[in-house]
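The values are calculated or read from the model by the stated rules, or taken from the named source; none is laboratory data. Worth saying up front: this structure is predicted, and the values here are computed from it rather than measured. Quick reminder, even Gly has a Cβ in these numbers, built from the backbone with ideal geometry, and neighbours come from all protein chains shown.
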Amino acid sequence: MKRLATLTALAAFAAAAQAAPVTYVIDNSHTYPHFSYNHLGFSNQTQKFDKTSGKVVLDLAAKTGSVDVTIDATSVNTGYALFNEHIQAADYFDTAKHPTITFKSSKMTFNGDQPVSLAGDLTIKGVTKPVTLAITHFHCMPHPMLKVEACGANATTQVKRSEFNMGKNVPYVSDEVTLTLAIEAVKEQPAQ
């Protein structure tokens, strides 16, 4: 009987250990936050940011998770230095006063084993608004080159830039902006 109790306790401990949250660190070299908007009715333009940091915490067994992302707004990359300066000015991102864009999640929703949405607070130019990102792709597996557990996802939402005090040239340049986060993150390694 004592042996059965010991085995039961070990099994419960093993199950609890498997259900523990896992922290993943964003891989800046494979994370691509970008935004798109309509330009004068001619075309949809897409611009990106080159520097992103943050963490993802997942407990897939408990179907919970959180995301904390910081984007360096000064790393905006339009492909043209003059345009980069233009959209970093006070009328748009105002990176001199607000050098970062942040997203801090408050809830991750699952459908079965797959996360399908992420609700939280988006802060741009010092203005914080609640948003929900639809998760359009999600996958975790051992990274074939780094040999550690890794996860990746694509998530998207639409906001009105005027709500973040960035409404210059509306409606010629669309107020509606689609924000997309293509993210890869690797399991945090213990400090040595």
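Values for this structure:
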quantity: Whichever residue in region 13-39 is modelled with pLDDT of 95 or more and aliphatic (A, V, I, L, M) and, among such residues, is farthest from Gln88 (Cα to Cα); calculated: Val22
quantity: Considering residues of region 116-142 that are in a strand (DSSP E or B) and in contact with an Asp or Glu (Cβ under 8 Å, 6 or more places away or on another chain) only, the residue nearest to Val57 (Cα to Cα); calculated: Cys140
quantity: Within region 83-108, tally of residues that are of a type in the set (Gly, Ala, Ser) and either more than 30 Å from Leu60 (Cβ to Cβ) or more than 22 Å from the chain's Cα centre (by Cα) (or both); calculated: 3
quantity: Near pairs, Cβ below 7 angstrom, 6+ apart or cross-chain, from region 51-64 (farther than 15 Å from Gly112 by Cα) to any residue that is of a type in the set (Val, Ile, Thr) and not in a strand (DSSP E or B); calculated: Thr52/Thr31
quantity: Residue match in region 72-92 (condition: in contact with a Pro (Cβ under 8 Å, 6 or more places away or on another chain) and in a strand (DSSP E or B)); calculated: yes
quantity: Single condition Met145 does not satisfy, out of (1) modelled with pLDDT of 95 or more; (2) not β-branched (Val, Ile, Thr); (3) not in a strand (DSSP E or B); calculated: (1)
quantity: Where a residue in region 81-110 is touching a residue at least 12 places away in the same chain (Cβ under 8 Å) and its partner, wherever it lies, is of a type in the set (D, E, K, R) and in a strand (DSSP E or B), with Cβ under 6 Å and at least six apart; calculated: Lys104/Asp68; Lys104/Asp121
